[in-house]
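Below: the structure, in structure tokens.
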Amino acid sequence: MSSSVAIATAAVAANQAQVQTALAAKLAKMNANNAQSVVQLIDAASANLQNIAKSATAPGVGTSLDISV
């Protein structure tokens with residue numbers, strides 16, 4: 001009788017390990033997708049900031065500085 005309990009316990013443990021492995025794979029994929037989204041968001045923010053900086057000044061302003069005496 002104890003051998004059938006041991007087999008059942010082993011089967012439950014194996015099933016739990018399989019579920020944990022599948023969950024870990026899903027979380028890893030989600031983390032990779034989130035990291036990619038963050039990179040895209042940072043790139044978009046950088047491009048927007050450059051556009052704002054360009055449009056905030058008049059043409060030719062802030063592009064060169066004459067330091068001759």
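Residues in the range 22-31 carry Karplus couplings, in order, of 5, 5, 4, 5, 5, 5, 5, 5, 5, 5 Hz; the curve used is 6.51 cos²θ - 1.76 cosθ + 1.60 with θ = phi - 60°, and Gly or Pro positions show x. For a paramagnetic label modelled on residue 52 (point 7 Å from Cα along Cα→Cβ), amide N atoms under 20 Å away belong, within the range 19-40, to 38-40.
Every number in this text was worked out from the coordinates using simple rules, so none of it is lab data. Quick caveat, the model's predicted, so the values are computed rather than measured. Cβ: placed from backbone, ideal geometry, glycine included. Neighbour counts: every protein chain shown.
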